[in-house]
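Bear in mind that the values in this text are calculations on the coordinates, not laboratory data. Small disclaimer: the values here were computed from a predicted structure and weren't measured. Here the Cβ is made from the backbone with ideal geometry for all residues, glycine too, and neighbour counts use every protein chain on show.
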Amino acid sequence: MSSAPEAVHSAYSAEHAEIYDFIHAARGRDWAAEADELAGIVKQRNPGADSVLDVACGTGEHLVHFSRRFGRADGLELSEGMRRIAQAKLPHGRVHAGDMRDFALGTTYDAVLCMCFSLAYAADEAEMRAGAAALVRHLAPGGVVVAEPWWFPEKFLDGFVSAGLAQEPGRAVSRLSHSTREGRSSRMTVRYTVADTKGIREFTEHEVYSLFTQQEYEDAFAAAGCPVTYHPGGPNGRGLFIGRRETGPGA
Ligand SMILES: C[S@@+](CC[C@H](N)C(=O)[O-])C[C@H]1O[C@@H](n2cnc3c(N)ncnc32)[C@H](O)[C@@H]1O
């Protein structure tokens, strides 16, 4: 086994973007049910909410469902491949190019979400705090922030292995992953094999997620002016941080 560290880029590659929806649906991901739950969380705390920003929106699957529940549903995404797929699904919503650690869209939303551990792509606590601050800066008064964390350090399983297979006529994709702990980070190697009418190809992605504590996430949102509460469970078992900004930007 090679010990040389592989290059890590948090923005997803174009070949990963192409198979993202297919493999995640086969792994049991139900974006419609997740979006229902998230819209319920937002509207319970902000009944008049009519606009939502999904940060690190990926292929825009949540946004497709949000656009039926909110008057305005926009996204922000670093990867060009993911962004292109998301924008094609959203004739009325705008998918902005940007980095969640430092973006300024010049507008605010009634809800800002960051799902699926995306905040843990921050390399250290300072970057994660910058991301939390950017999310909060885009909240209108009374706006709701929802952020899904990566595993807390005490919950992460070193050496965790997972396998998945997605199949449809003319296409099959397998996904094997292995995760290890390296200090305050987890490192996941994911190997994909894609078989389609053109042949078989393989590629490997290397992802690093920081193992921030519950307290570190809570401190980041409190420092940004929007204290959050941790709710265990959530769509993927890692829980959700939820908060409501009582004052407007700059207050
Ligand atoms: C696990 S996917 C989540 C996608 C989507 N939110 C979902 O729930 O399916 C993480 C996404 O974050 C994007 N990403 C990674 N680093 C980012 C950054 N610094 N700013 C914005 N997006 C980023 C990746 O390109 C990828 O699309």
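Points worth noting:
- Prolate/oblate/rounded label for segment 77-141 (Cα gyration tensor, a/c 1.5): oblate
- Student exercise, the chain dipole from Lys, Arg, Asp, Glu Cβ charges, in Debye to nearest 20: 440 debye
- Karplus-derived 3J(HN,Hα) values for segment 137-149, using 6.51 cos²θ - 1.76 cosθ + 1.60 with θ = phi - 60°, are 4, 9, 8, 6, x, x, x, 10, 10, 10, 9, 9, x Hz; glycine and proline are entered as x.
- Look at the alpha carbon pairs under 8 Å that are at least 6 residues apart: their mean separation over the length of the chain gives a relative contact order of 18 percent.
- Helix 14-26 and the long axis of the chain differ in direction by around 80°, with both axes built from C-alpha atoms.
- Relative to the longest principal axis of the Cα atoms of the chain, helix 214-223 runs at roughly 40 degrees.
- P(r) of segment 77-196 over all Cα-Cα pairs, binned every 10 Å from zero, in whole percent: 11, 30, 33, 22, 4
- Charged neighbours of PRO235, selected by a Cβ distance under 9 Å, balance to -2 (K, R count +1; D, E count -1).
- Local electrostatic count at ALA32 - Lys and Arg +1, Asp and Glu -1, tallied over other residues with Cβ under 14 Å: -2
- Along its three principal directions, the equivalent ellipsoid of the chain from the Cα gyration tensor extends over semi-axes of 30, 22, 16 Å, largest first.
- Gyration tensor (alpha-carbon) shape descriptor, segment 16-80, a/c threshold 1.5: oblate
- Gyration tensor (alpha-carbon) shape descriptor, segment 1-126, a/c threshold 1.5: prolate
- C-alpha long axis of helix 80-89 to longest principal axis of the chain, angle in °: 70 degrees
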